[in-house]
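Comments concern the structure below.
No lab work stands behind these numbers, since they all come straight from the coordinates. Just so it is clear, the structure is predicted and the values come from calculations on it, not from any experiment. All Cβ positions, glycine included, derive from the backbone under ideal geometry; neighbour counts span all protein chains shown.
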Amino acid sequence: MQSLHSQAFDSEYFREQGHQLVNLLANYIRDTQKGPESLPVFPSKNPDALYQEWQADLKENYKNKDIQSLFEKVLQENIHTLHPKYVGHQVASPLPINALADMLGSLMNSGMGVYEMGSPMVALEKLVVKETAKVLGYSPAADGILTSGGSLGNLTALLTARSVKAGYDLWQEGQQDAHKLAVMVSEESHYCVNRAIKIMGWGDEGIVKIPVNANKQVDIRALESTYQAAKAKGRQVIALVANACSTSTGSYDDIESMADFCAQHQLWLHVDGAHGGAVIYSEKYRHRVRGIERADSVVLDYHKMLLTTALATALVFKDGSLAYRTFAQKADYLWESSEEAEWYNLGKRTIECTKHAMSLRIYAIMRTYGREIFGEQIDYQYDLAQDFAQLIEKNEDFELALQPEANILCFRYRPEGSREADLNALNAGIRKAVIESGRFYIVQTLIEGKVFLRCTLMNPFTQLPDLECLLHFIRSLQSIRA
Ligand SMILES: *Cc1c(COP(=O)(O)O)cnc(C)c1O
């Protein structure tokens, strides 16, 4: 063994550094829960300045064996998803147990594409997907896979829809002029859905947009006319994508009615439940996705609402056998028989060959705390969003965009006497000032041309007084009145 190798694989170095890191993280978990004012939620810095800082770090610390100094610096500079005032994006405040599972996963370094490269986690992947399928309300015929994110899950689902519904062997023959394929999507779809359609090569006209109602849900009355208009233009619509819920405003589409429509026209129904599909775990809120068990495929991100470290996405098919048709190609050097459906050689059904053993993250949570922890999380955050909405309505200088159906909430500051024409600049300025202050982390979105502040309530330690504090803080920002 070379000398650098023997240093790098020194088990005692690992033991000592590992204990120090666990101490650092345990203190961090304890301290962040209290939301200390001294800890900026997002230590805002100019990207170029930050890059230069790290260039200097490499020069200064090249071959420095003190790895703790690196860990501490990164932890300090990064956004703190465990901070109760982290109320911006949709990425989970992860359960600490996932950091432990990831440490194990990292060292085992399982490939997951073929059974031998991660057999326990391959079994767990099936288990986790089957559990998800059960909670979705599917029959035992349902099955699926985990993918690195909802974007990849949505693309994979649409590729499966294509192989089932194209009406010819597109995989072998390639795109045919006689079949101008298209997918119907909400105007409010996540950009990755539109991107997936573009990746499949169907261009702008492959994306058939369905208008939404005032609540940003697909307008069910417009389904038929939208479909007929696409058909009249020579488009062969093969699938419909429902939002559960939409990213921008957290609006849930009427899945039941969309399933009826798909049945009538023999379309594939895909539910993009990356964020809000998680409500299947809540007794109180699962009615938001009524009819989801009629969908042909569903994507659900565990790393958003379900407390799991990113990434961990379930893609579940009502008929699990269809997933084997997605990539009907030969890779004989990997699998003894590429024609056979071997559930345990996961690469047959995924774009990814080597992929992280993410099943371990989800299973570690299910096994330790039970599914109930997911339900508890949904109920808490969705209830909190309702309370926050009421609070906003009580404050007349604030305006709520929509009644929240999920834990996503859009509002803006509209002080008395302000002019509509000034409100976009005012609220964009507020968002900037809020995150630069380090007191809260929020984002913004555009609704019908109007800038709204957007909160996603993800952290189990966020409470109503924290949000009240946010409103006070916004009001107190002097610079925005300038
Ligand atoms: C977040 C999100 C996605 C993208 O999922 P990633 O896991 O970030 O790739 C897709 N659709 C919706 C509705 C989302 O909210």
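Points worth noting:
- As a proxy for reagent exposure, ranking Leu402, Leu107 by other Cβ atoms within 10 Å from fewest up yields Leu107, Leu402.
- Contour excess over end-to-end distance, with Cα ends at Asn61 and Asn78 and 0.36 nm allotted per residue: 4.2 nm
- Restricting attention to the chain, close to 55% of DSSP beta bridges with both partner residues there are antiparallel.
- Across the chain, Cα pairs under 8 Å and at least six residues apart give a relative contact order of 21 percent.
- Estimated FRET transfer efficiency (Phe14, Glu436; beta-carbon r; R0 30 Å; 0.05): 0.15
- A DSSP coil position with no more than 12 other Cβ atoms inside 10 Å describes the following trypsin sites (Lys or Arg not before Pro) in region 399-481: Arg419.
- Scaled against the 2.2 N^0.38 Å expected of a compact globular protein of N residues, the Cα radius of gyration of the chain reads 1.05.
- Residue-span extension gain [Glu283 to Arg195] - 0.36 nm each, minus C-alpha spacing: 28.3 nm
- The helix-based estimate of mean residue ellipticity at 222 nm for the chain, built from -39,500 (n - 2.57) per DSSP H run of four or more residues and divided by its residue count, is -13500 deg cm²/dmol to the nearest 500.
- 12 Å beta-carbon shell around Asn64, net charge (K/R +1, D/E -1): +1
- Nitroxide proxy distance, nm - points 7 Å out along Cα→Cβ at Glu131 and Ala26: 2.6
- At 1.567 mPa s and 4 °C, Stokes D of region 424-467 from Kirkwood alpha-carbon radius, µm² per second: 114
- Exceeding the 26 Å Cα-Cα cut-off - candidates Lys126/Lys355; Lys304/Lys355; Lys165/Lys231; Lys284/Lys450: Lys284/Lys450
- Here Ala232 and Ser119 are evaluated by their C-beta separation; at R0 = 41 Å the FRET efficiency comes out at 0.20.
- By the rule of a C-alpha distance below 20 Å, with chain neighbours fewer than 8 residues away ignored, the lysines paired with Lys34 are Lys85.
- In this simple spin-label approximation, Lys450 and Ser225 carry label points 7 Å from Cα along the Cα→Cβ vector, and these lie 2.5 nm apart.
- Region 81-137: trypsin sites (Lys or Arg not before Pro) in DSSP coil with no more than 13 other Cβ atoms inside 10 Å: none
- Unit Cα scatterers, Debye sum, region 366-412: log10 I(q)/I(0) for q = 0.15, 0.16, 0.27 Å⁻¹: -0.46, -0.49, -0.90
- The Cα atoms of region 390-451 give a gyration tensor whose axes a ≥ b ≥ c have a/c under 1.5, which makes the shape rounded.
- Full-stretch length increase - Trp171, Phe473 - with 0.36 nm per residue and alpha-carbon distance subtracted: 103.1 nm
- Rounded if a/c under 1.5, otherwise prolate or oblate - region 72-156, Cα gyration tensor axes: oblate
- Low-density loop positions, chymotrypsin sites (Phe, Trp or Tyr not before Pro), region 101-183 - DSSP coil, at most 12 other Cβ in 10 Å: Tyr168
- By the beta-carbon count within 10 Å of each Cβ, the least crowded to most crowded order of Trp343, Trp54, fewest first, is Trp54, Trp343.
- C-alpha center-to-center spacing [region 374-437, region 79-116] in angstrom: 29
- Projected label distance in nm at Arg290 and Ser257, using a 7 Å step from Cα toward the beta-carbon: 1.2
- Building the convex hull from the alpha-carbon atoms of region 1-102 and averaging its projection over directions returns 8.5 nm².
- By the count of neighbouring beta-carbon atoms within 10 Å, fewest first, Met184, Met121 end up ordered Met121, Met184.
- What the Kirkwood sum gives for region 153-248 is a hydrodynamic radius of 13.7 Å, with every pair of different alpha carbons counted.
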